[in-house]
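Computed from the coordinates by the stated procedures, all read-outs in this text should not be read as laboratory data. Note that the structure is predicted; figures quoted are calculated from it, not measured. Glycine also receives a Cβ, built like all others from the backbone with ideal geometry; neighbour counts cover every protein chain displayed.
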Amino acid sequence: MVFSKVMTKPNDPATDATIASLEFTRNTMASKLNWLRAGVLGANDGIMSTSGLILGVAASPGVSSSTILIAGVAAVVAGSISMAGGEYTSVSAQRDSEKAAIAVEREELKNNPEGELRELAWFYEQKGISPKLAIQVAEELTKQDALKAHAEAELGIDSEHHVSPIQAALSSFVAFAIGGLLPLLAVIGPWVDFRIQATIASVVLALILTGYVGARIGGAKPGRGIVRNLIVSLMTMGITYAIGHLVGSSLVA
């Protein structure tokens, strides 16, 4: 209903306010979904990598629960720090690149404003807008905020907002730690004789959940994402378990 009103009253101030509100809401939701998606992926990594290492250690004959606990805690801590550090480095590099590109664009606008105006119009022509209308659009956007217009059209970035490396690092750290704690708690539970089965069951259930959430966030059908999650995780656990058993058996012998 809102969109039908927008289409029927394009010059109404109330309609313009509605459009702006909808656009702001959509951009805000997109940003939140990106962080949620990153959190799901971080938890997924924590579940798979920690469960693989834990099962590799637990497969060794005669290994004690304390040894498994130490290995699991080390895996969660090291993995969380590694994920946070990698995300911080990656996002920092992205942010630096964006700032450098914007600085170049700002200098070009200062030294050659006419050329930059024609360039901006050309970008809109490539999207199917007629040359006459494209130059009008470019002129209007240049009057409002030339740097922002060029950054969005040419670079695909927002000149006023940049991703936060610290926020990205913290999100990855927390997501990985939460995901890694699940198989760790499962393997050190009171069910010593069934710790392998308990870990596998908890990992499968967790990956079904993360696969479903990740698929829904991306707008895809959840079935395929869940199957991919399970296949990769079961392969990881199976390979590490087999290697742990072989290495452990050879050392005991």
Enclosed volume per residue, in Å³, of the convex hull spanned by Cα atoms of the range 143-253:
174 Å³
If we count other beta carbons within 10 Å of each Cβ, what is the order of 130, 202, 49, fewest first?
130, 202, 49
Fewest-first ranking of 95, 118, using other Cβ atoms within 10 Å as the exposure measure
118, 95
For a quick size check, give me the Cα extents of the range 42-241 along its three principal axes, largest first, whole Å.
77, 32, 23
Distance in nm between residue 64 and residue 93 label points, each 7 Å along Cα→Cβ, equals 4.3 nm
